[in-house]
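Working notes, beginning with the structure itself.
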Amino acid sequence: MITPGSVHPGKTTGRSWAPGAHDRPVVFPGWTLPGVITAGGAQTLVKTQRVLPGSDIVFAGSGPLALAFPAQLRGYGANVTLVLEAGPAPRSGDVLRILRAARGNTQLLRDAAAYRTRLLRERVPLRYRRIVVRAEGEGRVEEVVHAAVDRDWRPLPGSEERVAADTLCVGYGFFPSVELLRLAGCDFRYDEDLGGPLVVLDEWLRTTAPGVLAAGDGTGVAGSYAAIDEGRLAALGAALDLGALEPEAAAARAQPIRRRLRRKAVFRGALRPLHAIGSGIYELATPETVVCRCEQVTAAQLDGAIATTFDVNVVKPLTRTAMGLCQGRNCQRQVAAMIARRHGRELGELPVATPRAPVRPVPIGAVADASLEDGGFFTVAE
């Protein structure tokens, strides 16, 4: 474990991992301009630094976040001028389906109602079936260009509009952070709407890797309430595996947790038709658009590399994509989508990128200093 200034090596007999998730990056012309920020980045800026991301903010995204985050920004005093939701406006049938699924999920429904009420009260325009197609400006964002989209989120010709803004906040969902689970040798399945590669779990949230359990958004993006209950369930599973809890006692304690998780899954299922990710979100880049911002690799350069392969692990050494500081968290899904489109495959059919340790930046002393072989801890030099 690494803390500020020191490294603490250790061993465990069981591991319950909650690696979390990160923002789903969307590649479009101008996405690397200063002033374009992900919803997660903006939220961290506001909550931890008490700094607003900009003066005139346009939010573009989809899902519950497209209501929640603009409303939260308004609560902090930010000037959100426009919200663009890629999904369709709820119809009467959608509302009835959601209300039926709200049993046991009243808090989620109350939260959504409160966010929508705030946007209505403060007259923030919310426009459905529209996505950002590019950001423009000299040296930073000055204008956001958005367009109407079809069911697959492909822009409709002649529907572009412009709006002045100094900040574009992008929130099209999240990807589970699965690097550690991949390195542990876990099996995976694929679901684009839950974030892509999802670790395979049993009823106690055990993975297929011995001694490894996983919970939270790192196993499929389901929100904070579900993550808390999954953490509780994984703790019971770990206690059961370690012999600290009898099977009957574990089952009894798990019953109300499982009930709540089933209800949350039903609620997510009711929302899913409104916010299913459209493949058009990966088709916005032009040949000149930088896809890998760490290594400055353009879509045109990638197009040449993917002509003869459908493996992102082969494209990586050919183009240096995913070799930068983010290790592919910002570009690999876009690269995979380009490969899938070029070769007529589904994203879930492609080989998945192989992560490399360490999966996050660590002090060089953590991996190089021989004193880590001691039983104590190593203090990182100033």
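The values are calculated or read from the model by the stated rules, or taken from the named source; none is laboratory data. Being a predicted model, the structure only gives us computed values, none of them experimental. Ideal geometry is used to build each Cβ from the backbone, glycine not excepted, and the neighbour counts take in all protein chains shown.
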- Message: Against the definition (assigned to a loop (DSSP other than H, G, I, E, B), at pLDDT 90 or above and either surrounded by 20 or more Cβ atoms within 10 Å (Cβ to Cβ) or not assigned by TED's automatic domain parsing to the domain that holds W31 (or both)), how does N313 come out, yes or no?
- Response: no
Subset of segment 58-108, residues in a helix (DSSP H, G or I) and free of Cβ contacts under 8 Å to residues at least 12 places away in the same chain, comes to S92, G93, V95, L96, L99, T106
Next on the checklist: R110 - would you say it is of a type outside the set (S, T, Y) and either outside the structural domain of A68 (by TED's automatic domain parsing) or in contact with a strand residue (DSSP E or B) (Cβ under 8 Å, 6 or more places away or on another chain) (or both)?
Outcome noted: no
Taking segment 232-249 and keeping residues in contact (Cβ under 8 Å) with a residue 24 or more places away in the chain and in contact with a helix residue (DSSP H, G or I) (Cβ under 8 Å, 6 or more places away or on another chain) leaves R232, L233, L236, G237, L240
Residues of segment 204-231 being touching a residue at least 60 places away in the same chain (Cβ under 8 Å) and farther than 27 Å from G104 by Cα, in sequence order, are G211, V212
message = Here is a check on your reading of the model: is R262 in a helix (DSSP H, G or I), under 27 Å from A337 (Cα atoms), of a type outside the set (F, W, Y) and free of Cβ contacts under 8 Å to residues at least 60 places away in the same chain?
response = no
Within segment 263-288, the residues that are loosely packed, with under 13 Cβ neighbours inside 10 Å, more than 22 Å from the chain's Cα centre (by Cα) and not β-branched (V, I, T) are P287, E288
Determine whether segment 333-349 contains at least one residue that is out of contact with any helix residue (DSSP H, G or I) (no Cβ under 8 Å at 6 or more places or on another chain), at pLDDT below 95, among the small types (G, A, S) and at positive phi. yes
